[in-house]
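J.: Input: one structure, supplied below.
The values are calculated or read from the model by the stated rules, or taken from the named source; none is laboratory data. Source: prediction; values computed, not measured. For neighbour counting, all protein chains shown are included, and Cβ atoms are generated from backbone atoms with ideal geometry for every residue, glycine included.
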Amino acid sequence: MTVDQDQLDTLPDDYFTDPHRAHRDWRDQGGVHQVRLPDGTTGWLVTGYAEVRAAFADPRLAKGAAGAEELLNRDLPPSAPKVSLTPHMLHADPPHHTRLRKLVNAAFTARAVTALRPRIEEITDALLDDMTGQDEVDLIAAFATQLPITVICELLGVPSADRDDFRRWTATLLSAAPGVDPASGARALIGYLNKLAAVKRAEPADDLFSALLQARDEDDRLTEGEVVATAFLLLIAGHETTVNLIGNGVYALLCDTEQLDALRADLSRMPAAVEEFLRLHAPVNVATMRYTAEPMLVGDTEIPAGEFVHLVISAANRDPKRYPEPDRLDLARDARGHLSFGHGIHYCVGAPLGRLEAEIAFTRLLARFPRLRLATDEPLEWQKSVRIRGLAELPVRLT
């Protein structure tokens, strides 16, 4: 379908600050809305809970890298560099996706994640020790970022000396800020992981990267390129979402002292509280790229074949048809069924790890700093990313 770019809506100027207003407006207009995104691509944003959940499981929405690359490159001028996507599980459809997922699951088991609890508690306590004695800190830099980066890098076997580079590459990759080239972050990270794969192949260690290189299903195994792509995915998804889950959840609590006091009084409610944090402030705003393999009806909207469809998780999680008073933090709410980890065959493989890290982080943070509060009355800055929803900084007072 030929799209007149001049006729398309763009994201409102305050979208990164408050996407929820736009999401409410789009839901009121029918729940499916065609826009031009900051990267210049066009797509259909789906905002209703029922529509997003159904679309997650609809095989007519494809994710294969080859088809996505063709759509991304079709409108580029001849002189522009062509888009190339990392061939990991989120850029794959069955049966290729089924094969990759099975092999990754063989290395990344629920049992292995559960066994990480003592080490995650140890890392958390060490970070809180470093903060003790300070009056004010940026909780994103001092805690929310450091915990998941340390955990996922230790899990994969990434040397501690390389973690600052990794964080910088990830921030570049996920940014929608003007003048930033996200592809440069991806290239740098892939180049690094290729070198690390050679090291792990020559000298296997007791880490997930080595396990991925050795994972087998009968006579099948991951190629080295597939291992690197999987490690790329796990590093990005395994830390960025948890950074934002911790930061967004703490911010929500500090803005609602009644809910904060209730949770402090009974920290055994933490697992349910984490689900409400995930629902209210979804760490992923818009799910990863999908496109129509054939014409399909989404809600009441007919979307032609060959169009990008963006499932807006944070909008679905605040659909009043699914959750009454959806913009309110309610730790007594049954928040199960939220879509923050997706739904269907692409449901986040790292969801158990993210939940475990968050439960430990919130419990120990609130116990260690009972006077924790915001250190500013000024509006906080959110990351300029369509995909990710997280604070750039979270200044807090500890004492």
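J.: Kindly indicate whether R371 is in a loop (DSSP other than H, G, I, E, B), closer than 20 Å to T124 by Cα and touching a residue at least 12 places away in the same chain (Cβ under 8 Å).
T.: Values: in a loop (DSSP other than H, G, I, E, B): yes; closer than 20 Å to T124 by Cα: yes; touching a residue at least 12 places away in the same chain (Cβ under 8 Å): yes.
The answer is yes for R371.
J.: Select from the range 85-96 the residues that are surrounded by fewer than 17 Cβ atoms within 10 Å (Cβ to Cβ) and in a loop (DSSP other than H, G, I, E, B) and write down the one among them that is nearest to the chain's Cα centre (by Cα). Don't jump to the end; show me each part of the working.
T.: In the first step, residues of the range 85-96 are kept if they are surrounded by fewer than 17 Cβ atoms within 10 Å (Cβ to Cβ); the result is 94-96.
Next cut, in a loop (DSSP other than H, G, I, E, B) only: 94-95.
Values: P94: 22, P95: 24 Å.
My answer is P94.
J.: Taking only pairs six or more apart or across chains, which ones have beta-carbon atoms under 9 Å, a first residue in the range 64-84 that is assigned to a loop (DSSP other than H, G, I, E, B), and a second residue that is modelled with pLDDT of 80 or more and aromatic (F, W, Y)?
T.: G64/Y291
J.: Among the residues of the range 295-306 satisfying the criterion of being touching a Pro at 6+ places or on another chain (Cβ under 9 Å) and not in a strand (DSSP E or B), which is surrounded by the fewest Cβ atoms within 10 Å (Cβ to Cβ)?
T.: Result: P304.
J.: Among the residues of the range 156-197, count how many are surrounded by 18 or more Cβ atoms within 10 Å (Cβ to Cβ), over 22 Å from V104 (Cα atoms) and touching a Phe, Trp or Tyr at 6+ places or on another chain (Cβ under 6 Å).
T.: Residues that pass the stated criteria total 1.
J.: Can I ask one more? Give the range 203-223 a look and list any residue that's assigned to a helix (DSSP H, G or I) and in contact with a Gly (Cβ under 8 Å, 6 or more places away or on another chain), or say none. Please lay out each step first, then the result.
T.: First, the residues of the range 203-223 that are assigned to a helix (DSSP H, G or I): 208-214.
Answer for the range 203-223, where residues must be assigned to a helix (DSSP H, G or I) and in contact with a Gly (Cβ under 8 Å, 6 or more places away or on another chain): L208, F209, S210.
J.: Specify the residue that is surrounded by the fewest Cβ atoms within 10 Å (Cβ to Cβ); the eligible residues are those in the range 274-294 that are of a type in the set (D, E, K, R) and under 20 Å from A351 (Cα atoms).
T.: Applying the first criterion (of a type in the set (D, E, K, R)) to the range 274-294 yields 275-276, 279, 290, 294.
Adding the requirement that they be under 20 Å from A351 (Cα atoms) leaves 275-276, 279.
Numbers: E275: 19, E276: 24, R279: 26.
Restricting to residues being of a type in the set (D, E, K, R) and under 20 Å from A351 (Cα atoms), the top hit is E275.
J.: Under 7 Å by Cβ, and 6 or more places apart or on different chains, what pairs join a residue from the range 317-338 that is over 23 Å from R264 (Cα atoms) and among the acidic types (D, E) with one that is modelled with pLDDT of 95 or more and assigned to a loop (DSSP other than H, G, I, E, B)?
T.: Sorted first by the residue in the range 317-338, then by its partner, the pairs are D319/G48; D319/P326.
J.: Looking at (1) in a helix (DSSP H, G or I); (2) within 20 Å of K384 (Cβ to Cβ), which is the one condition that is false for G191?
T.: The one condition G191 does not meet is (2).
J.: Would you check which residues across the range 72-84 are surrounded by fewer than 18 Cβ atoms within 10 Å (Cβ to Cβ) and over 21 Å from I236 (Cα atoms) and list them? Spell out the reasoning first.
T.: Just the residues of the range 72-84 that are surrounded by fewer than 18 Cβ atoms within 10 Å (Cβ to Cβ), to begin with: 73-84.
Residues satisfying the conditions are N73, R74, D75, L76, P77, P78, S79, A80, P81, K82.
J.: Before we move on, is L339 assigned to a strand (DSSP E or B) and closer than 30 Å to Y291 by Cβ? Don't jump to the end; show me each part of the working.
T.: Values: assigned to a strand (DSSP E or B): no; closer than 30 Å to Y291 by Cβ: yes.
The answer is no for L339.
J.: Right, next: Restricting the search to the range 357-399, which residues are exposed (fewer than 15 other Cβ atoms within 10 Å of the Cβ), more than 30 Å from D13 (Cα to Cα) and touching an Asp or Glu at 6+ places or on another chain (Cβ under 9 Å)?
T.: T399
J.: Also, I was wondering about something else. In a strand (DSSP E or B), in contact (Cβ under 8 Å) with a residue 60 or more places away in the chain, within 30 Å of D327 (Cα to Cα) and small (G, A, S), is that true of G30? Show your work before the answer.
T.: Numbers: in a strand (DSSP E or B): no; in contact (Cβ under 8 Å) with a residue 60 or more places away in the chain: yes; within 30 Å of D327 (Cα to Cα): yes; small (G, A, S): yes.
So G30 fails the test.
J.: Can you pull out the residues in the range 380-391 that are outside any strand (DSSP E or B) and modelled with pLDDT of 95 or more?
T.: Kept after step one, since they are outside any strand (DSSP E or B), are these residues of the range 380-391: 380-381, 383-387, 389-390.
Once the filter is applied, which keeps residues that are outside any strand (DSSP E or B) and modelled with pLDDT of 95 or more, the range 380-391 yields L380, E381, R389, G390.
J.: Okay, next question. Of all residues being within 30 Å of L61 (Cβ to Cβ) and among the aliphatic types (A, V, I, L, M) in the range 329-347, which is surrounded by the most Cβ atoms within 10 Å (Cβ to Cβ)? Just the residue, please.
T.: Here is the first cut: in the range 329-347, the ones within 30 Å of L61 (Cβ to Cβ) are 333-347.
Narrowing further to those that are among the aliphatic types (A, V, I, L, M): 335, 339, 345.
Values: A335: 20, L339: 25, I345: 16.
Only one residue fits best here, namely L339.
Yes or no, residue by residue, for (1) surrounded by fewer than 19 Cβ atoms within 10 Å (Cβ to Cβ); (2) free of Cβ contacts under 8 Å to residues at least 60 places away in the same chain; (3) out of contact with any helix residue (DSSP H, G or I) (no Cβ under 9 Å at 6 or more places or on another chain):
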{"position": "T10", "(1), (2), (3)": "yes, yes, yes"}
{"position": "V52", "(1), (2), (3)": "no, no, no"}
{"position": "N105", "(1), (2), (3)": "yes, no, yes"}
{"position": "A110", "(1), (2), (3)": "yes, no, no"}
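J.: Is it true that K200 is in a helix (DSSP H, G or I) and either buried (at least 20 other Cβ atoms within 10 Å of the Cβ) or touching a helix residue (DSSP H, G or I) at 6+ places or on another chain (Cβ under 6 Å) (or both)?
T.: Numbers: in a helix (DSSP H, G or I): yes; either buried (at least 20 other Cβ atoms within 10 Å of the Cβ) or touching a helix residue (DSSP H, G or I) at 6+ places or on another chain (Cβ under 6 Å) (or both): yes.
Yes.
J.: Test I313 against the stated conditions and say whether it is under 30 Å from L100 (Cβ atoms) and modelled with pLDDT of 95 or more.
T.: In short, yes.
J.: Residue under question is G350, and the condition is that it be touching a Pro at 6+ places or on another chain (Cβ under 7 Å) and crowded, with 16+ Cβ neighbours inside 10 Å; does it hold?
T.: On the way: touching a Pro at 6+ places or on another chain (Cβ under 7 Å): no; crowded, with 16+ Cβ neighbours inside 10 Å: yes.
In short, no.
J.: How do the pairs read when you match residues in the range 159-179 that are on the phi < 0 side of the Ramachandran plot with residues anywhere that are charged (D, E, K, R) and surrounded by 12 or more Cβ atoms within 10 Å (Cβ to Cβ), using Cβ under 7 Å and keeping only pairs 6 or more apart or on different chains?
T.: The qualifying pairs are T170/E240; L174/E240; L174/R387; S175/K384; A176/K384; A177/K384.
J.: Yes or no: the range 139-146 includes at least one residue that is surrounded by fewer than 18 Cβ atoms within 10 Å (Cβ to Cβ) and under 30 Å from D300 (Cβ atoms).
T.: There is no residue in the range 139-146 that is surrounded by fewer than 18 Cβ atoms within 10 Å (Cβ to Cβ) and under 30 Å from D300 (Cβ atoms).
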